[in-house]
Every structure is written in C-alpha cells, then in structure tokens.
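Asks: Quick one: the structure is below, and I'll ask about it shortly.
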Amino acid sequence: MRSVARNKYLRVIIAAVATSAIMHAHADNFNSLVDRMITMNPGLKSDYYAREAERESLRSAATLPDPEIEGGYMWSAGEAGNKTDITISQSMEWPGVYGALRREARLRSQAIDASRQVQINDAKETARMLLVDGVYIRKCADVMSRRIACIDSLLEIATKGALRNEITVLDVEKLRIERLEVLSRQSEIDVERARCLSAIGSFVGSSDSAKVILRAIDGYPDEILHPLALYSANSSAMPEIEQSRILAEASRARSDAERRRALPSLTAGYHFAHEDGTPFHGFVAGLSIPVFSSRGKAEAARLESLAEQARAEQQAIEQKASIDALHAEAMNMQQRYESYRKVLEGSSTPRLLLRALDGGQISMMTYLIESASYTDAILRMLEIQYRYQQSMARIARYAPQY
C-alpha cells in the first residue's frame, strides 16, 4: 500500500491535525465582544431603570411633609349665626432630623452606584465565560473535523485495499466503528454549541445577534496572570464591599435621624374663622410628642448598621478566599497547559506515524490507535486551556485597571 493517492491523502490530513489545535490565542476582539454584549444585555437596562427609579424616590426622603388645609362650615340651631373655619398648617420634624435624612439619602444613592457596578461586573464575567465556552467548542470542533477527515481518507484507502485483498475486512470494519465514535463526539460538540448559542442569545436578547457574536469569536484573550498580591490589593476597593460599607454608614445616619425623632415635632399655621358676621384671624401652633411611634426605631437602625458592617467584613473575608482559590487554580492550569504545549506544539508524532505507516513498520490499525491517542492528548490540552481561561474570566474582575 504505497500508492501516491494514499500518501497524498494522509500527508494533507495529518498535517492539518498536527497544527489545528496548537494555535496561540490571538483574540484582539475578545474584550470588544464583551463590551458589545454588555451594551445589548436587557437585564442591565432593566436594572438601570429600576435603580434610577429608586434613586428618584430618595429625593423625597428628607423633605418637609405636605402642608395641610382644613375648612369647615357649621350651622347654628339657635339664634347665633353660622360659622366658617379655615386652617392652613405645616408640620415639621425637629430640625436635626432632616440633616440626618439627607445624609442617609446621599449615602444610599452612592450605594446604588456601587450596586450598579456590581451588576456590570457580574454581567462582564458572565459574558466572558460565554465567549470562553464558544472558543473552546470551536477548537474542539476543529480537531474532530480533522480527525473525521483523516479517518475518511484511511477508510477510502482501506476499502480499496480490501478489494485487492491487501487489507482485511475486519480492519475496514474497525475503521467504520472508529468513524462512528468520532461522529458521536462531533454530535456532542454540536449540542454544546447549540447550548452556548442559546445562552448568548438569552444574554444579549437576540438569537440573530448571538449567531453573529459566536462567529466573531476568534480566540482567547491575551491576558497575563498577575501575582496574587496585585489581585488581593485591589479587592478592598471592590464595589461589593464598598456597597456594604456605604449601607452601614447610611444605617448609622438613619439611626441618628430616628434618635432625633424622639424629640417633639412642630406644627405651625394660620387660622381664619367667621362667626356671626365677625371675622377672626390668628396663628396656631402645636407639638407632637412621640411617646409611642419612635419606640425601638433608633435601636433597630443601629443594629441594621452593625449588620451591614459585619456583612462588609464577611464579604472581604470571602472575597480574599475566593481570590486565593481562583489564582491557585489559574496558576495550576497554566502550568499544566504549558507542559502539554511544550510537548505537543511542533510535535513530530504525526509525521513519524505517517513515515512508519508508509514504510510498513506499523499497520493501519496501529496507526489509527496511535493517532487517536495523539488526538486525545490534543483534546486534553484544550480542556486544560479552557479551564485556565475560565479561571481567568472569574478572576478578571479583581485585576488591576479592570
């Protein structure tokens, strides 16, 4: 079996298998695709309007209550004439209450900004993970496409060889079975591609846009794994922790306002009365003593402040542990990937297998087994690279200048 046709088939296919998976990541458009997905995400748009509505509602938190106008007309059953009453009044809390409430409103507005940034960071992480999935699926699909092309070439050669009694029918059947196995793995990849496409479509709110984005992915981002200290140093400024700190301050301002509300509130106004042809004018004033309404409110606000402060401390601890774990995982995956890449990149295994097959040193079945082992090593390397990129996508939010 030394036909020119056979050599032509094998050299072309094996060269493709040897080079297809060992591609360096050149993905200049990766971050631009992430930004594009963020701008299209309907969930972020909805969240933006909801938070702006919440911000607007804070504007009325530290204002005076609406003025009250009361009027009355009474009929006399005796000789006296009828009576008309009109009262215009304005009530107000103790002056220090409004300063505390304005401070609380300002702080809660800042907390809304921090919460918005948390949502954006979460969305960016989700977008990066989806794009990483798309790259991995494409790389695996490329490997399996070349694998099936290689088997098809071998099967064509073997079928012709079997007609000339150069290859056994059993070997042909083994090739067909191997082809079915590869086709099954291709089908699994197709299912994963469909799931990825659906997930991207849900994220951007359009299946058509998802197809465009999936086609535009050309590789993983060229990002560097920084030393752990850089990620840890940046963690204290993360919006999650900042939000809890701000909410703790807002709760303290609320506690101050509730404590001041224990003082009497004031009511002042103008009163007009007309009775039996005689008009009466005057001013009215009153005090509302909060004997019952303020019970426990100041203490509840104080405890809420302590809860937010404890939550911020707990988030800092959990975030530090998460960064340590993600960095360790990324470092491990990077080292394992580099070990595979050094061996497989530019490997002479496909060329040596082809030479051994051409020289009759190995059978076609041996070649099939060995080339399958090489393909499995490529796929394993891609899986490790994929897990490394997943870790990088999750730790990216803690990176300097993110």
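Laboratory data are not the source of any read-out in this text; all were calculated from the coordinates shown. Everything numeric in this text was worked out from a predicted model, so none of it was measured. Every residue, glycine as well, gets a Cβ built from its backbone with ideal geometry; the counts of neighbours run over all protein chains shown.
Asks: What is the Cα coordinate range of the chain on the first, second and third principal axes, sorted by size from largest, in whole angstrom?
Replies: Principal-axis extents of the chain (Cα, largest first): 135, 47, 32 Å.
Asks: Among Ser32, Ser202, Ile112, which residue has its Cα furthest toward the positive end of the charge dipole of the chain, with +1 on Lys/Arg Cβ and -1 on Asp/Glu Cβ?
Replies: Going by the Cα projections, it comes out as Ser32.
Asks: Just how many % of Cα pairs in segment 170-253 lie over 22 Å apart, if you round to the nearest whole percent?
Replies: Values: 2291 of 3486 pairs.
So the pairs more than 22 Å apart make up 66 percent of the total in segment 170-253.
Asks: Once you put a point 7 Å from the Cα of Ala141 and another 7 Å from the Cα of Trp94, both along the Cβ direction, what distance in nm separates them?
Replies: 6.9
Asks: Moving on to the next point. Would you calculate, for the chain, the mean residue ellipticity at 222 nm contributed by helices, counting each DSSP H stretch of 4 or more residues as -39,500 (n - 2.57) and dividing by all residues, to the nearest 500?
Replies: On the way: 11 runs with 280 residues, N = 402.
Rounded to the nearest 500, the figure is -24500 deg cm²/dmol.
Asks: For Gln361 and Arg55 in the same chain, what is the full-extension length gain: residue separation times 0.36 nm, less their Cα-Cα distance, in nm? Could the numbers behind the result be given before it?
Replies: Values: separation 306, 0.36 × 306 = 110.16 nm, distance 7.73 nm.
Length gained, Gln361 through Arg55: 102.4 nm.
Asks: Of Met238, Leu263, Ser145, which is farthest on the positive side of the dipole of the chain, counting Cα position, with +1 on Lys and Arg Cβ, -1 on Asp and Glu Cβ, and the Cα centre as origin?
Replies: Ser145
Asks: Here's another thing I want to ask about it. Let me understand segment 29-123 better: what is its radius of gyration from the alpha carbons, and its Dmax, in angstrom?
Replies: Spelled out, the Cα radius of gyration and Dmax of segment 29-123 are 25.6, 93 Å.
Asks: Still on this structure: Between segment 121-145 and segment 40-75, what is the C-alpha centre distance in whole Å?
Replies: 44
Asks: What's log10 of I(q)/I(0) for segment 29-82 at q = 0.20 Å⁻¹, Debye sum over Cα points only, no solvent?
Replies: Relative scattering, expressed as log10 I(q)/I(0), comes to -0.86.
Asks: Can I ask one more? For segment 311-353, how big is the tail of P(r) above 13 Å, as a whole percent of Cα pairs?
Replies: Working: 608 of 903 pairs.
So the pairs more than 13 Å apart make up 67 percent of the total in segment 311-353.
Asks: Using Cα positions and a limit of under 30 Å, work out the lysines in reach of Lys342, with same-chain residues fewer than 8 apart set aside.
Replies: Cross-link targets: Lys8, Lys139.
Asks: Report, in debye and to the nearest 20, how large the dipole of the chain comes out about its Cα centre when Lys and Arg carry +1 and Asp and Glu carry -1 on their Cβ. Provide the component values of the computation, followed by the final result.
Replies: Working: 51 positive and 52 negative charges, 393 e Å.
Using only the charged Cβ atoms, the result is roughly 1880 debye.
Asks: Give the calculated FRET efficiency between Ala310 and Asn29 to the nearest 0.05, with a Förster radius of 45 Å applied to their Cβ-Cβ distance.
Replies: Working: r = 43 Å, r/R0 = 0.96.
Efficiency, from the Cβ-Cβ distance: 0.55.
Asks: Follow-up. How large is the dipole of segment 100-246 about the Cα centre if only Lys and Arg carry +1 and Asp and Glu carry -1, each at its Cβ, rounded to the nearest 20 debye?
Replies: On the way: 22 positive and 22 negative charges, 102 e Å.
Rounded to the nearest 20 debye, it is 480 debye.
Asks: Can you give the convex hull volume of the alpha carbon atoms of segment 90-244 per residue, in Å³? Don't skip to the answer; put the middle values down first.
Replies: Details: hull volume 29.3 nm³, N = 155.
Once divided by residue count, the hull of segment 90-244 is 189 Å³.
Asks: Quick check for me: using +1 on Lys/Arg Cβ and -1 on Asp/Glu Cβ, what's the dipole size of segment 279-361 about its Cα centre, in debye to the nearest 20? Mind dumping the intermediate values first?
Replies: Values: 10 positive and 10 negative charges, 28 e Å.
Charge dipole, segment 279-361, about its Cα centre: 140 debye, nearest 20.
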